[in-house]
Amino acid sequence: MIWFLIRRLASAVITLFCVSIILFAVAQVLPGDVGRTILGPYATEQQVRALDHQLGVDRPLAVRYATWFAGFVRGEWGKSYLLNRPVLTIAFNRLGNSLILGGFALCLIVPVSVGLGVVAALNYGGWPDRVISVTGLSLIALPEFVTGIIVLAIFGVALGWLPVSSHVPTANPLDWFRQLLLPSIPLMFVLFGYISRMARAGTVESLRSNYVRTAILKGLPRRTVIWRHVLRNALLPTVTVISVQTGYLVGGLVVTETLFNYPGIGKLVLDSAVGHDLPVLQATVLLTALMYMVLALIADVLYTWLNPRIRVAG
């Protein structure tokens, strides 16, 4: 396990370094000028060049990249050009908001997805299996902005049951559902398709295994076979899928957060890209990549710990 962690950590460091290079290169070709964006269209060219020099955006690319990446590693992420606040504070505040939204969606959809995936597997080939499988595939195919607009138009505008613009909820449990339920629905639609299909596939494979046949031949009750033998092995791949989708929730919320005006890290990435706020854009995207790799590592560790066959093979 120790060597496994060392190899994965080394791979994560190399990946993060490559992502930082690509991110920095892409950020440099974004349209617009930093100084012009900050000062506005009526500033003179001399004022724009002076501000660019003050911010260091006129230095060579290699120097700018080395300075930026070294500062990111040390936690010195600079200040936002537009908000004039420390990027570190802004990024982690918005990341916390996104974790709240993503965690809320996961807590609601994971039990439902796993339960229906198991039901589909137990009725393999029957109408429950077909209905659940087709529904999952259909929800995966629907883009988030489509489902988001539909639920926004129905429950927010037409019926007026939920607010069309969401914010971070208070400690009141009712406020959590009021503020987070609507933006969570598009996320839950996508997650349902992936998680339920993985739970179904793992359960079907486990039901066909020799140890389940042996348990049935021993005369064990069906409920005991399912709980003690089927689910413990069938849900192992689902753990990995849930962890990977958690990483997606952290960084893939741009559409949902923008549509519902939720102050998360996805909306921050979009706003910084539009406003050419390079310190915020680069730091938030790299932070998202780092979170994604950490969650993937946690998924691998959990899968190895839960599956004795992998530990023995290792």
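The values are calculated or read from the model by the stated rules, or taken from the named source; none is laboratory data. None of the values given here were measured: they were computed from a predicted structure. Note that each Cβ is placed from the backbone with ideal geometry, even for glycine, and that neighbours are counted across all protein chains shown. Please note that ligands, DNA and RNA were not included when accessible areas were found on the heavy atoms of the full protein model with its side chains. Shrake-Rupley method; radii C 1.70, N 1.55, O 1.52, S 1.80 Å.
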| said: Of everything in the stretch 93-146, what is among the acidic types (D, E) and within 28 Å of R232 (Cα to Cα)? Give them in sequence order. | reply: D129
| Condition broken by V190, with the remaining ones in (1) open to solvent by 40 Å² or more (accessible area, probe 1.4 Å); (2) of a type outside the set (D, E, K, R); (3) modelled with pLDDT of 80 or more satisfied | (1)
| message | Any residue at all in the stretch 254-267 that's open to solvent by less than 30 Å² (accessible area, probe 1.4 Å) and free of Cβ contacts under 8 Å to residues at least 60 places away in the same chain? | response | no
| Out of (1) touching a residue at least 40 places away in the same chain (Cβ under 8 Å); (2) part of a helix (DSSP H, G or I), the odd one out for H276 is which? | (2)
| note | Here the qualifying pairs (Cβ atoms under 9 Å; residues six or more apart or on different chains; first in the stretch 74-90 and within 15 Å of L281 (Cβ to Cβ); second open to solvent by 100 Å² or more (accessible area, probe 1.4 Å) and modelled with pLDDT of 85 or more) come out as K79/R85
| said: What pairs come out if I take residues in the stretch 173-184 that are touching a residue at least 12 places away in the same chain (Cβ under 8 Å) and pair them with residues that are open to solvent by less than 90 Å² (accessible area, probe 1.4 Å) and among the hydroxyl-bearing types (S, T, Y) whose C-beta lies under 7 Å away, six or more apart or interchain? | reply: Q179/S166; L180/S166; L182/S166; P183/S166; P183/T256; P183/Y262
| task | Could you name every one of the helices (runs of 4 or more DSSP H) located completely within the stretch 113-228 that has at least 1 residues being under 25 Å from T256 (Cβ atoms) and of a type in the set (D, E)? | result | 144-151, 173-207
| task | Kindly indicate whether any position in the stretch 33-45 is open to solvent by 90 Å² or more (accessible area, probe 1.4 Å), at pLDDT below 75 and part of a helix (DSSP H, G or I). | result | yes
| request: Please state which one of V119, V87 is modelled with pLDDT of 85 or more, of a type in the set (V, I, T) and under 30 Å from H229 (Cα atoms). | output: V119
| said: Considering only residues that are open to solvent by 70 Å² or more (accessible area, probe 1.4 Å) and under 15 Å from the mean Cα position of the chain (by Cα), which ones fall in the stretch 193-221? | reply: Y194
| said: Is it the case, given these coordinates, that L270 is under 16 Å from L95 (Cα atoms), open to solvent by 10 Å² or more (accessible area, probe 1.4 Å) and out of contact with any Phe, Trp or Tyr (no Cβ under 8 Å at 6 or more places or on another chain)? | reply: yes
